[in-house]
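Asker: Quick one: the structure is below, questions incoming.
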Amino acid sequence: MTIFQVNVTIENKPGISDPEGQTILNDLVLKGTHKTVSNIKTAKMLKFTIQENDKKSAQSKVQEICDELRIYNPMVSIVTIDVFEN
Amino acid sequence: MSLEEQELAELKSKIGRDPTSTELQIVAAEWSEHCSYKSSKRHLKMLPMDGPLVINEKGYDSGVLDVGDGYVVTAHIESHNHPSAVEPYGGAATGVGGVIRDILSAGTRPIAIFDGLRFGDIETDLQARWLFKNAVTGIADYGNCLGIPTIGGEVEFDECYKNYALVDVAALGFGKKENLIKNHAKKDDIVVLMGGSTGRDGIGGSQFASDSLESEDRSAVQIPDPFIEKLIIEAVLQARNDGLIHAMKDLGGGGLSCAISETADALDIGIEMDVDKVHTRESDMTPDEIMVSESQERMLIVTSKIKLKKLEEICKKFRIGCSVIGLVKFDNQVHIKKGEKTVANLSADVVANATLLDLPSKEPSYLKTIEDEQKFKPISDYSALMMKLLASPNIASKIWVYGQYDHEVGIRTVVKPGTDASVLRLDNGKYLSAKIDGNPKQCYINPREGAIGCFEEACRNVVCTGAKPIGMLDHLQFGNPKDPEIFWTFLESLKGLTDFAKFFKIPCVGGKVSLYNETPTGSIKPTPVIGVIGLIDKKPSVPQKISQDDCLLIIGDTKNELGGSEYFEYIHKFVGGKCPTVNFEDSKKHMTSVLDIIDKNLIKSAHDCSKGGLAVAVSEICMTNQIGCKVSLDKVPGEKLDVDRILFSESHSRYLLSFDKKNISMIEEILKKNKVSFEQIGQFGGNQIQFTNASKLIIDLDLKKAHEIWLHALPNLVLHGKKSV
């Protein structure tokens, strides 16, 4: 068994609006001199520390947890899962 | 999104050619049940909509009532059932946003929000728990951010809403009569779209709401943005004060398609608009998508070219988008262009007026035997049963819900949630009271009497605050209307409401019909939700603390009416029996008497008897006042009944009055004069809630223990999955 760090990023699906990101873009970033920025999206990240046999089972276990416990709503959001060996 | 075959044929014959793809999208949105009311409109006309206080203007999305001294109150009710069943947080929040904009579009400031929420059995169903928790958070987050108090509502759970949610939102507005928007348009006027940008969210929402919810087709998700909504409210009200608005409409179901065609039709004008002028979130949107997008927080405004500059300045000040998207014409056409190219050109009358259906109806077969009662085992321990009822999700205190809502912002709230109805202070020294009520259990057993019961309950609730009912909102929620049995239940409910409204001269000032509320296991029970608005000219009845030796009096007979009661359904798991009916004459006498007694300042509080019957109503008074009470069941007026029936029957037109015993003779005098059936049934004091029958103690509850259970049962269940009893 190895200890893995699994990062779960939850963000709105493409095309679904993101008021928080838009506010940061329009009312903060673009008000300064950072004119090269064209978009900002907000997301929530959960960092799991998990003990599993390999990378693949760490990923699938975390995905399973997120689905089962409704950590995100698949109608609205997508999740990206990145696994790192500790 | 599509039209049915015969609707397509009809459209072709009306316009004399094949429609373009954009035209198809526009018509499909506008002819959907959600926007056109095609199944129900023909019948809704039976409701009385006029009254001495009602102000009718063309193109209003909300009802307007004159409350005197140059002030008006506006009211509207909407639901967001389908979106909330998919995404409870966003669905419930955007539902609040939609109804707020309906209030705003008459030119009044929204001052209160009400929510009626219904879900599956949260004791066993985790999905229902998830929906409930998130819908409440959605409403709280949205309403609280807007600075509009959420001051009332109701929450109910029933098997029939498994995997589904009913989220009803009502709102009240207040303003000066002279500031009402008189919807009109002049030559050379322009059409402005104001507010949030148009994106791909909620595409096909109105069509979606007009279909039964299939498991996979759940694409219409809208993301709430209360801060933009708040800016829109302030910008619109300033534009109103500056006289910049000729006509206004909010964008709801059907998006631009419906707003443009309904505005053109209502004002008898034509509108030519260019989709390229619409401020969009994504650059590659097609005209079809722009026309039917249901992105939230947008308003359509008709103004003149001269006033535009000022309007743009206001939008700039509030940092909200504002684009001139079209022109007013006088050809009654809805003409949609993309740049120079025409993508749709239809008569507004054709688009806005779908052919109304005359659907067949048939009495449902289940009703033939529904009134037959089963025999139940006698109850051995009523005290234990009472504790179980007090902990049941439908009866337990809802403080966990309304405690999350800011109900005081705006400092108008005089009587706060948790009582029968909340009361708001108006600027002209009068007070406004309002409540929404529904009862699907009784409406299932008898759609007509059940609907009347909801109406009377809402009236009772506002009467308990000393208010006279002046207007009603109806929200009729049913399953698939193409099923004749379901359509019959719709018609019966509507007829019942009409009879009651006519008898009491309470006009219907607004409403909504939501059909196709189906879950994977079948149709929901008939769920009309009725809102009643009451006006108090002098002083509201603010509940005062009950003290030792105060008296408890009941008005109205308790009848053998356990059908659809919490006792039958929660304790015995039995659906059936005879549901309570309202005697109109008695109901009127009781209302007048209670109002008279409150006016003479003779009582400390009035409480209506409804869910859970007399036993629960008395316990609620005791628990909220932290005082015991001893009630003699043998004194309760009405025919002679078994103990369980007296305790738990949910008969209507009953009120519980608590008062200082020195007032008893004056109260009795009023009640006798009005020939009202009443009896003094108990006295407050001590720390026990007790019910006796022929001097035998039937129920004996420790006040503190009962209160603890009643108060914490709901959060224990929702947050910890723990049953309290």
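Asker: Report, by residue number, each residue of segment B:220-263 that is within 14 Å of another protein chain (Cβ to nearest Cβ) and either surrounded by fewer than 21 Cβ atoms within 10 Å (Cβ to Cβ) or out of contact with any Asp or Glu (no Cβ under 9 Å at 6 or more places or on another chain) (or both).
Answerer: Residues satisfying the conditions are B:Phe227, B:Lys230, B:Leu231.
Asker: Taking segment B:409-440, which residues are closer than 15 Å to B:Val73 by Cα and surrounded by fewer than 21 Cβ atoms within 10 Å (Cβ to Cβ)?
Answerer: Within segment B:409-440, B:Arg412, B:Arg425, B:Leu426, B:Asp427, B:Asn428, B:Gly429, B:Lys430 qualify.
Asker: While we're here: Check segment B:323-341 and report whether any residue there is modelled with pLDDT under 95, surrounded by 16 or more Cβ atoms within 10 Å (Cβ to Cβ) and within 14 Å of another protein chain (Cβ to nearest Cβ).
Answerer: Checked against the condition, which is being modelled with pLDDT under 95, surrounded by 16 or more Cβ atoms within 10 Å (Cβ to Cβ) and within 14 Å of another protein chain (Cβ to nearest Cβ), segment B:323-341 yields no hits at all.
Asker: Inspect all residues belonging to segment B:235-250 and state whether any of them is more than 25 Å from the chain's Cα centre (by Cα) and charged (D, E, K, R).
Answerer: The answer is yes; a qualifying residue exists.
Asker: Any residue in segment B:153-172 that is closer than 16 Å to B:Arg412 by Cα, touching a residue at least 60 places away in the same chain (Cβ under 8 Å) and surrounded by fewer than 24 Cβ atoms within 10 Å (Cβ to Cβ)?
Answerer: no
Asker: Related question: For the subset of segment B:1-49 comprising residues that are over 19 Å from B:Gly479 (Cβ atoms) and among the small types (Gly, Ala, Ser), which member is surrounded by the fewest Cβ atoms within 10 Å (Cβ to Cβ)?
Answerer: B:Gly16
Asker: Here's a follow-up. Would you confirm whether or not segment B:127-146 contains a residue that is within 14 Å of chain A (Cβ to nearest Cβ), part of a loop (DSSP other than H, G, I, E, B) and of a type outside the set (Ser, Thr, Tyr)?
Answerer: no
Asker: Something else: What are the residue pairs meeting all of these: first residue in segment A:4-22, first residue more than 9 Å from chain B (Cβ to nearest Cβ), second residue crowded, with 16+ Cβ neighbours inside 10 Å and polar (S, T, N, Q), Cβ atoms under 8 Å, and 6 or more apart or on different chains?
Answerer: Filtered contacts from segment A:4-22: A:Val6/A:Gln59; A:Ile10/A:Ser77; A:Glu11/A:Ser77.
Asker: If you take the residues of segment A:66-79 that are without any contact (Cβ under 8 Å) to a residue 12 or more places away in the chain and assigned to a helix (DSSP H, G or I), which of them is nearest to the other protein chains (Cβ to nearest Cβ)?
Answerer: Per the criteria, the residue is A:Glu68.
Asker: Return the residue satisfying two criteria in turn: it lies in segment B:180-216 and is within 11 Å of chain A (Cβ to nearest Cβ) and part of a loop (DSSP other than H, G, I, E, B), and of such residues it is modelled with the lowest pLDDT.
Answerer: Checking each candidate, the answer is B:Glu216.
Asker: Are there any strands (runs of 3 or more DSSP E) wholly within segment B:468-564 with 1 or more residues that are of a type outside the set (A, V, I, L, M, F, W, C) and not assigned by TED's automatic domain parsing to the domain that holds B:Gly685, and if so which?
Answerer: Qualifying strands (runs of 3 or more DSSP E): B:468-477, B:508-514, B:527-536.
Asker: Any idea which residue in segment B:292-310 is nearest to the other protein chains (Cβ to nearest Cβ), counting only those that are among the hydrophobic types (A, V, I, L, M, F, W, C) and closer than 24 Å to B:Asp188 by Cβ?
Answerer: B:Met299
Asker: Considering only segment B:612-624, I want to know if a residue exists there that is charged (D, E, K, R) and farther than 22 Å from B:Tyr382 by Cβ.
Answerer: No.
Asker: If A:His34 satisfies all but one of (1) within 25 Å of A:Phe84 (Cβ to Cβ); (2) away from chain B (no Cβ under 12 Å), what's the number of the condition it fails?
Answerer: Of the numbered conditions (1) within 25 Å of A:Phe84 (Cβ to Cβ); (2) away from chain B (no Cβ under 12 Å), the odd one out for A:His34 is (1).
Asker: For A:Lys47, are the conditions met, namely being surrounded by fewer than 16 Cβ atoms within 10 Å (Cβ to Cβ), away from chain B (no Cβ under 14 Å) and not acidic (Asp, Glu)?
Answerer: Against the criterion (surrounded by fewer than 16 Cβ atoms within 10 Å (Cβ to Cβ), away from chain B (no Cβ under 14 Å) and not acidic (Asp, Glu)), A:Lys47 qualifies.
Asker: Against the condition within 20 Å of B:Ile232 (Cα to Cα) and touching a residue at least 12 places away in the same chain (Cβ under 8 Å), how does B:Gly98 come out, does it pass?
Answerer: Against the criterion (within 20 Å of B:Ile232 (Cα to Cα) and touching a residue at least 12 places away in the same chain (Cβ under 8 Å)), B:Gly98 qualifies.
Asker: Of the residues B:Gly97, B:Gly107, which single one is of a type in the set (Gly, Ala, Ser), more than 25 Å from B:Leu491 (Cα to Cα), touching a helix residue (DSSP H, G or I) at 6+ places or on another chain (Cβ under 9 Å) and outside any loop (DSSP other than H, G, I, E, B)?
Answerer: Unique residue meeting the criteria: B:Gly97.
Asker: While we're looking at this one, here's another question. Would you confirm whether or not segment B:219-226 contains a residue that is among the charged types (D, E, K, R), in contact with a Ser or Thr (Cβ under 9 Å, 6 or more places away or on another chain) and outside the structural domain of B:Gly90 (by TED's automatic domain parsing)?
Answerer: Yes - at least one qualifying residue is present in segment B:219-226.
Asker: Condition (residue is of a type in the set (D, E, K, R), surrounded by 11 or more Cβ atoms within 10 Å (Cβ to Cβ) and on the phi > 0 side of the Ramachandran plot) applied to segment A:5-14: is it met by at least one residue?
Answerer: no
Asker: Continuing with this model, one more query. Counting residues that are outside the structural domain of B:Asp115 (by TED's automatic domain parsing) and farther than 30 Å from B:Ala135 by Cβ, which helices (runs of 4 or more DSSP H) fully inside segment B:329-412 reach at least 3?
Answerer: Those helices (runs of 4 or more DSSP H) span B:348-352, B:382-390.
Asker: Still on this structure, please answer the following. Given segment B:218-316, what strands (runs of 3 or more DSSP E) lie entirely inside it while holding 2 or more residues that are of a type outside the set (Val, Ile, Thr) and more than 30 Å from B:Pro149 (Cα to Cα)?
Answerer: Those strands (runs of 3 or more DSSP E) span B:270-274.
Asker: Sort through B:Gly91, B:Gly120, B:Gly97, B:Gly116 and tell me the only one that's surrounded by 24 or more Cβ atoms within 10 Å (Cβ to Cβ), within 14 Å of another protein chain (Cβ to nearest Cβ) and within 28 Å of B:Lys441 (Cβ to Cβ).
Answerer: After ruling out the rest, the residue left standing is B:Gly91.
Asker: If B:Leu3 passes every condition in (1) in a helix (DSSP H, G or I); (2) without any contact (Cβ under 8 Å) to a residue 60 or more places away in the chain but one, which one does it miss?
Answerer: (1)
Asker: Between a residue in segment B:270-287 that is more than 11 Å from every other protein chain (Cβ to nearest Cβ) and any residue that is surrounded by fewer than 19 Cβ atoms within 10 Å (Cβ to Cβ) and part of a loop (DSSP other than H, G, I, E, B), which pairs come within a Cβ distance under 6 Å, given they are 6 or more apart or on different chains?
Answerer: Going by the 6 Å Cβ cut-off, the qualifying pairs are B:Gly270/B:Asp331; B:Gly270/B:Asn332; B:Asp276/B:Gly339.
Asker: Follow-up question, since we're still on this one. Check B:Leu641, B:Leu595, B:Leu657 and return the single one that is hydrophobic (A, V, I, L, M, F, W, C) and modelled with pLDDT under 95.
Answerer: Exactly one of B:Leu641, B:Leu595, B:Leu657 is hydrophobic (A, V, I, L, M, F, W, C) and modelled with pLDDT under 95, namely B:Leu641.
Asker: Just to confirm my filter: which helices (runs of 4 or more DSSP H) fall fully inside segment B:603-708 and include at least 1 residues that are within 32 Å of the chain's Cα centre (by Cα)?
Answerer: Result: B:613-625, B:643-648.
Asker: Also: I'm checking my understanding of the structure. Among residues of segment B:42-89 that are in a loop (DSSP other than H, G, I, E, B) and of a type in the set (Gly, Ala, Ser), which one is nearest to the chain's Cα centre (by Cα)?
Answerer: B:Ser62
The values are calculated or read from the model by the stated rules, or taken from the named source; none is laboratory data. What you see is a predicted model; the values in this text were computed from it and never measured. Counting neighbours? That spans all protein chains shown, and the Cβs are built from the backbone with ideal geometry, glycine included.
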